[in-house]
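These notes are about the structure you will find just below.
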Amino acid sequence: DEFGQLVTGFNHMVENVTRRETENEQLLNSLFVLFAATLDARDSYTAGHSERVAAYSVELAEALQMPVHEVELLRKSALLHDIGKIGVRDDVLLKEGRLTDDEFAQIQEHPTIGIHILNQITLPDSLQPILAGVRSHHERIDGNGYPDRLAGDAIPLFGRIMAIADAYDAMTSDRPYRQGMPTEKALAILESGRGTQWDANFVDVFIELRRQTISA
């Protein structure tokens, strides 16, 4: 009887801990979405961009059969991939038309600004992997990306995945100065940059996923 009471008490404790963990996870997820929405709200033409990049990244990661916990970390990283643009002046970030070299250099600072912002938050060890994606999503396979000019497999996995998702959404979304590209044109650009700008294997999988969606 006493043992039964002990087991019952332990089970109640486990249930309470589990419930708190679930509530904390839900709160954390809400905060990540809130960060992304706050950034996207600066420009009505890019509203939803971070969430779409996260969705495309997750779709690609699942097709690559990445572990569930890594897919979730990737999703969080993608939601915050452009958080550094908070530190870019509006007249540069929201400019309609071609950027000057100086303005583009300011835009290129957003991955490192993003890391600076996120370093102000005490991220637990379990969330530290999200930083790599935020910093490296504009690196290129040929080493001509930014901010660190990494090449090939030296680019973190999250960055290589998010680079494809980010580019695709940027190409297919409307902007004040142009309409979004048709899907097939965007896919053709991805295909032309496989192995130079983007990871060749990942591009192939992403293109297949998009074409399956079109034909469905």
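The values are calculated or read from the model by the stated rules, or taken from the named source; none is laboratory data. Bear in mind that the values here come from a model prediction, so they are computed numbers and not experimental data. Every residue, glycine as well, gets a Cβ built from its backbone with ideal geometry; the counts of neighbours run over all protein chains shown. These area figures cover heavy atoms from the full protein model, side chains too; ligands, DNA and RNA do not enter into them. Shrake-Rupley method; radii C 1.70, N 1.55, O 1.52, S 1.80 Å.
Remarks
- Test: residue 102 is under 23 Å from residue 65 (Cβ atoms), part of a helix (DSSP H, G or I) and open to solvent by 20 Å² or more (accessible area, probe 1.4 Å): no
- Matching residues in segment 175-216 - criterion: being open to solvent by less than 50 Å² (accessible area, probe 1.4 Å), more than 26 Å from residue 142 (Cα to Cα) and small (Gly, Ala, Ser): 180
- Any hit, segment 28-48, residues being modelled with pLDDT under 95, over 18 Å from residue 138 (Cα atoms) and β-branched (Val, Ile, Thr): yes
- Number of positions in segment 174-216 that are among the small types (Gly, Ala, Ser), modelled with pLDDT of 95 or more and outside any loop (DSSP other than H, G, I, E, B): 4
- Hits in segment 141-155 - residues which are open to solvent by 40 Å² or more (accessible area, probe 1.4 Å) and either within 20 Å of residue 36 (Cβ to Cβ) or over 17 Å from the mean Cα position of the chain (by Cα) (or both): 142, 144, 148, 149, 150, 151, 153, 154
- Test: residue in segment 79-86 that is open to solvent by 40 Å² or more (accessible area, probe 1.4 Å) and under 22 Å from residue 171 (Cβ atoms): yes
- Residue within segment 16-26 that is modelled with pLDDT of 85 or more and under 30 Å from residue 202 (Cα atoms) present: no
- For segment 162-174, the criterion of being over 24 Å from residue 69 (Cα atoms), in contact (Cβ under 8 Å) with a residue 60 or more places away in the chain, surrounded by 15 or more Cβ atoms within 10 Å (Cβ to Cβ) and of a type in the set (Gly, Ala, Ser) is met by at least one residue.
- Of all residues in segment 187-203, those being of a type in the set (A, V, I, L, M, F, W, C) and over 17 Å from the mean Cα position of the chain (by Cα) number 5.
- Residue match in segment 117-140 (condition: surrounded by fewer than 22 Cβ atoms within 10 Å (Cβ to Cβ), in a loop (DSSP other than H, G, I, E, B) and in contact with a Ser or Thr (Cβ under 9 Å, 6 or more places away or on another chain)): yes
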